[in-house]
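*Asks:* So that we are looking at the same thing, I have put the structure below in structure tokens.
The values are calculated or read from the model by the stated rules, or taken from the named source; none is laboratory data. Just so it is clear, the structure is predicted and the values come from calculations on it, not from any experiment. Every residue, glycine among them, receives a Cβ derived from its backbone with ideal geometry; neighbour counts consider all protein chains shown. The protein model used for the area step is the full one, side chains on, heavy atoms only, and it has no ligands, DNA or RNA in it. Shrake-Rupley method; radii C 1.70, N 1.55, O 1.52, S 1.80 Å.
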Amino acid sequence: MLEAIRQAVVATVAGALLVSVTPVAAQGQAATAQMTVNGDQPGAHVNREIFTQFAEHLGHGIYEGVWVPPGSKIPNVRGVRTDVLAALKELAVPVVRWPGGCFADEYHWREGVGKKRPVKINTHWGGVTEPNSFGTHEFMHFVQQLGADPYVSGNVGNGSPEEMAEWVEYMTSPAGTLADERGKNGHKAAWKLPYFGIGNELWGCGGNMRAEYAADVTRRYATFIKTPEGTKIAKFASGANTDDYNWTEVMVRETARQIDGITLHYYTVPGSFKNKQSATQFDESGWAETMAKSYRMEELVTKHSAIMDKYDPAKRLWLVVDEWGTWYLNEPGTNPGFLYQQNTVRDAVVAAMNLNIFAKHADRVKMTAIAQMVNVLQAMILTDGAKMLKTPTYHVFHMYKPWQDATNIPIEIKSPWYSKDQWVVPAVTASAVRDKAGQVHIGLANADPNTTITVTTALTGITATTVSGTVLTGGAMNAMNTFDQPNTVVPQPFTGAQLGTGGLTITLPPKSVVVLDLK
Ligand code: AHR
């Protein structure tokens, strides 16, 4: 039976596996994996942009999460929460994507600048009022305090090319009427705007377009995004949903000359969008389903990249996975339109698995944005009034900081399968990088919640005499941090790796994420 499942999975993701696999160990047993870290082989640059975070006007993602209004008792600097900012700074967040999402294609930037801010309805997310208090100036102030770059998504859905062009001019122009207006509104100097999205999900909430029509619209809007002399804005076309390969084919074929990248959105949704599952109340089948669906990212980036290779063999265009992460049922008692969910060890393993996949595909995957930053979907941070907690996903992003602007080291890994019910996934995913200082780091995720896996690792072209590391795991599959107990799932020193003459032996606990630093 297991062999039949194994064959089925191999067929499903043929050519896309990170790993080759061996039969899974019986429950509770130890198992082994073999890995080679090829430090003598060239690897792609791992862009720090892979650690971008998405912050949408959705629920308490911005309001209360990042920003509080004047007079708030929550400590803040010009509205930006001091506690949230400090926590995010520790992650060295490279880029923040804003204002949506679906919100972007109904967002009119003029309503969010100056003194008069009309109160609108957020038609996508809960039908609540949108005060427009957080607009362009507030966003730019936030990213500047954070030390991150802005990635702004423009309104293609119900905005005009003129409106979009004027927004870009308002943000970036050193002179002219719009620059003067920016100055009157409090910011004389032009902002740096390295990344701009031409709409969002044009196949859905961004306008329900067909790929051919979206390609023409993208060409038109992109034409009028002008940059001041000596500056450059990378323009990203709105890309595919999950496995809509035709969308990527048509968009890349028709827009390659106008754009610098194309996006991809893929969410890990146990159950389905119509029948979502709890973030915290799940059994082992729910765990396994989440792991198997998350691992699908490997197949998706492989296949979308292959299509891009046809039209862009030199790999100039970025594949920008600017929405990824888990999507569960909202927490009981919260507004379903706010997408507020808890975050457990399961999410930590999902995060590490995806980061390992992105590092492997660093030659094409140049930017990704987890959805989302605070209080929405697979968040880094949850807040409750003045309280704040760091989620297990936050801690994984912290552990993987050395991956930012490092060089990928190609690895081979032979992992056992982990399976439960119809869900089958390689238990171990991993990636390795050499940072700018030359230090090697290895990240591993064990998707098996029951089995300790001993990873026998050969190191080629790597001279190391010591290994240290951190591990993130929990007593239960749904171990989580709460406002009362915010430190239940936190990284701990890892002592399960030994360097010997034959290489490295790593004893990987069940349901864990491990990051090793070699010296
Ligand atoms: O991240 C939540 C929503 O998911 C975004 O607004 C949209 O782009 C996607 O469908």
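*Asks:* Any idea which of Glu254, Glu249, Glu298, Glu289 is out of contact with any Phe, Trp or Tyr (no Cβ under 7 Å at 6 or more places or on another chain), in contact (Cβ under 8 Å) with a residue 12 or more places away in the chain, under 15 Å from Val350 (Cβ atoms) and acidic (Asp, Glu)?
*Replies:* Answer to the check: Glu298.
*Asks:* Just checking, how many residues over the stretch 31-61 are assigned to a loop (DSSP other than H, G, I, E, B), surrounded by fewer than 19 Cβ atoms within 10 Å (Cβ to Cβ) and of a type in the set (S, T, N, Q)?
*Replies:* Going through the stretch 31-61 one residue at a time, the tally reaches 1.
*Asks:* Let me ask something else about it. Within the stretch 218-235, which residues are closer than 11 Å to Gln258 by Cβ and of a type in the set (A, V, I, L, M, F, W, C)?
*Replies:* Across the stretch 218-235, the qualifying residues are Ala222, Phe224, Ile225.
*Asks:* Something else now. Within the stretch 62-72, can you find the residues that are open to solvent by 10 Å² or more (accessible area, probe 1.4 Å) and within 27 Å of His265 (Cβ to Cβ)?
*Replies:* Tyr63, Glu64, Trp67
Every residue, every condition in (1) crowded, with 24+ Cβ neighbours inside 10 Å; (2) away from the ligand (no atom under 16 Å from the Cβ); (3) closer than 16 Å to Pro94 by Cα, yes or no:
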| position | (1), (2), (3) |
| --- | --- |
| Asn356 | yes, yes, no |
| Val374 | yes, no, yes |
| Leu377 | yes, no, no |
| Val396 | yes, yes, yes |
| Tyr418 | yes, yes, no |
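*Asks:* Just one of Ala306, Ala256, Ala288, Ala279 is crowded, with 20+ Cβ neighbours inside 10 Å, among the aliphatic types (A, V, I, L, M) and either under 21 Å from Arg364 (Cβ atoms) or away from the ligand (no atom under 16 Å from the Cβ) (or both); which is it?
*Replies:* On the way: Ala306 fails: crowded, with 20+ Cβ neighbours inside 10 Å; Ala256 fails: crowded, with 20+ Cβ neighbours inside 10 Å; Ala279 fails: either under 21 Å from Arg364 (Cβ atoms) or away from the ligand (no atom under 16 Å from the Cβ) (or both).
Result: Ala288 is the single residue among Ala306, Ala256, Ala288, Ala279 that is crowded, with 20+ Cβ neighbours inside 10 Å, among the aliphatic types (A, V, I, L, M) and either under 21 Å from Arg364 (Cβ atoms) or away from the ligand (no atom under 16 Å from the Cβ) (or both).
*Asks:* For the stretch 340-354, indicate whether the set of residues that are open to solvent by less than 10 Å² (accessible area, probe 1.4 Å), farther than 15 Å from Val269 by Cα, assigned to a loop (DSSP other than H, G, I, E, B) and in contact (Cβ under 8 Å) with a residue 60 or more places away in the chain is non-empty.
*Replies:* Checked the stretch 340-354: no residue is open to solvent by less than 10 Å² (accessible area, probe 1.4 Å), farther than 15 Å from Val269 by Cα, assigned to a loop (DSSP other than H, G, I, E, B) and in contact (Cβ under 8 Å) with a residue 60 or more places away in the chain.
*Asks:* Filtering the stretch 94-105 down to residues that are in contact (Cβ under 8 Å) with a residue 60 or more places away in the chain and either open to solvent by less than 10 Å² (accessible area, probe 1.4 Å) or closer than 15 Å to Phe142 by Cα (or both), which residue is farthest from the ligand (Cβ to nearest atom)? Step through it out loud before you land on a result.
*Replies:* Within the stretch 94-105, the subset in contact (Cβ under 8 Å) with a residue 60 or more places away in the chain is 94-97, 100-102, 104-105.
Pick out the ones that are also either open to solvent by less than 10 Å² (accessible area, probe 1.4 Å) or closer than 15 Å to Phe142 by Cα (or both) and you get 94-97, 100-101, 104-105.
Numbers: Pro94: 19, Val95: 16, Val96: 14, Arg97: 10, Gly100: 5, Gly101: 3, Ala104: 8, Asp105: 9 Å.
Among residues in the stretch 94-105 that are in contact (Cβ under 8 Å) with a residue 60 or more places away in the chain and either open to solvent by less than 10 Å² (accessible area, probe 1.4 Å) or closer than 15 Å to Phe142 by Cα (or both), the one farthest from the ligand (Cβ to nearest atom) is Pro94.
*Asks:* Let me ask you something else. If you check Val489 against the conditions, is it of a type outside the set (Ser, Thr, Tyr), out of contact with any Asp or Glu (no Cβ under 8 Å at 6 or more places or on another chain) and closer than 19 Å to His395 by Cα?
*Replies:* When the stated conditions are applied, Val489 passes them.
*Asks:* Tell me, please, whether a residue that is among the hydroxyl-bearing types (Ser, Thr, Tyr) and either within 16 Å of the ligand (Cβ to nearest atom) or under 19 Å from Gly197 (Cα atoms) (or both) can be found in the stretch 129-136. Don't jump to the end; show me each part of the working.
*Replies:* Initial filter on the stretch 129-136 (among the hydroxyl-bearing types (Ser, Thr, Tyr)): 129, 133, 136.
This time we only want the ones that are either within 16 Å of the ligand (Cβ to nearest atom) or under 19 Å from Gly197 (Cα atoms) (or both), so: 136.
Yes; the residues of the stretch 129-136 include at least one that is among the hydroxyl-bearing types (Ser, Thr, Tyr) and either within 16 Å of the ligand (Cβ to nearest atom) or under 19 Å from Gly197 (Cα atoms) (or both).
*Asks:* Does the stretch 73-85 contain any residue that is within 25 Å of Gly239 (Cα to Cα) and open to solvent by less than 20 Å² (accessible area, probe 1.4 Å)? Give the derivation first.
*Replies:* Residues of the stretch 73-85 within 25 Å of Gly239 (Cα to Cα): none.
The answer is no; no qualifying residue exists.
*Asks:* What residue, of Gly157, Gly61, is more than 23 Å from the chain's Cα centre (by Cα) and either more than 16 Å from the ligand (Cβ to nearest atom) or of a type outside the set (Lys, Arg) (or both)?
*Replies:* Result: Gly157 is the single residue among Gly157, Gly61 that is more than 23 Å from the chain's Cα centre (by Cα) and either more than 16 Å from the ligand (Cβ to nearest atom) or of a type outside the set (Lys, Arg) (or both).
*Asks:* Okay, moving on. What residue, of Val113, Val77, is touching a His at 6+ places or on another chain (Cβ under 7 Å), more than 20 Å from Leu382 (Cβ to Cβ) and in contact (Cβ under 8 Å) with a residue 60 or more places away in the chain?
*Replies:* Val113
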